[in-house]
1. Taking a virtual spin label 7 Å from the Cα of Ser122 along the C-beta vector, which residues in region 181-197 bring their backbone nitrogen under 19 Å of it?
2. Along region 50-59, what does the Karplus equation 6.51 cos²θ - 1.76 cosθ + 1.60 (θ = phi - 60°) give for ³J(HN,Hα), rounded to whole Hz, x for Gly and Pro?
3. Evaluated at 10 °C with a viscosity of 1.306 mPa s, what Stokes-Einstein diffusion coefficient in µm²/s does region 96-225 have when Rh comes from the Kirkwood expression over alpha-carbon pairs?
4. Exposure proxy check: Arg158, Arg190 ranked by fewest other beta carbons within 10 Å?
5. Mind sorting Cys22, Cys114 by how few other Cβ atoms lie within 10 Å of their own Cβ, fewest first?
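Every number here is computed from the coordinates shown, using simple stated rules; none is lab data. Here the structure is a predicted model, which is why all the values come from computation and not from measurement. In this analysis, Cβ positions are derived from the backbone assuming ideal geometry, glycine residues included, and neighbour counts consider all displayed protein chains.
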Amino acid sequence: MTTAAYRDDANKIVILNPKGGCGKTTLATNLASYFALRGPPPTLIDTDPIGYTTRWLERRPPDRAEIIGISIDELAPRRGWPFNRPRESGAVIIDTPAALRQREIAELTHDADCILIPILPSAFDVQATAQFIARLLQLTDFERPVAVVANRTRQNTRSLAVLLQILHGFETPTIAVLRDSQNYVHAAERGLGIYELPYHRVKHDIEAMEPIVDWLDQLLVKTLQPGLMSRFNPLPKMLSSSST
Ligand SMILES: Nc1ncnc2c1ncn2[C@@H]1O[C@H](COP(=O)(O)OP(=O)(O)OP(=O)(O)O)[C@@H](O)[C@H]1O
Ligand SMILES: [Mg+2]
């Protein structure tokens, strides 16, 4: 078991982009599913009053790998970090709402270890996200690693090529390109992540997520104490537990 190694004071992943519908909840729930399969159980925090992440967790079959869910109602009394969570819990993934104000962005990112920004390949989304990233980086004392994830892309299209060219000019790296795939939709309907669907169906999508997991692992390894490094096992148990 790598449980103790993963119980680290840091490792809070904030999924952020005030632009609505860009894939924050999809990314948050799929990362939670990934970390749950790899163990120890991650904590998934829903800071969105609309509560799609909380609904996803409610749909999650009880026999699936454990995810510790915290809804916005539960979060309010524990405002701020650190809050109590089981000693043996792993990564903390925070899903955030759309249309955030600068003060809310500052609050949500205040104690984050890293920030992932999903972006859709439309001119409007790209412009809005570019402005958001500029505001994010302006926040005083802002030094957290920030990365962009292109989401719902169409492979081998001119629009994807143009998007990647624009993203290349951003101050923050683009670490992954996820395609538009019904696998995310079908998994979400059942309270699952793509990692929990049959592998032959999701192989491409899992491969596309890999750079995100690698990026997170590199940050995590930096925060682990040297004595715990030898117990760090980045290999997930996911494929053995994939079923229907
Ligand atoms: N890669 C993808 N392929 C197909 N559908 C996707 C993908 N990513 C997200 N979606 C779908 O797009 C819709 C919006 O995604 P999601 O809810 O994750 O965005 P969001 O940023 O959390 O939205 P909001 O700002 O409203 O919270 C959902 O119906 C989701 O299933
Ligand atoms: Mg959402």
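1. Residues passing the 19 Å test: 181-182, 185.
2. 5, x, 5, 5, 5, 4, 4, 5, 5, 7
3. In µm²/s, the coefficient rounds to 98.
4. In increasing order of surrounding Cβ atoms, one gets Arg158, Arg190.
5. On the way: Cys22 25, Cys114 19.
In increasing order of surrounding Cβ atoms, one gets Cys114, Cys22.
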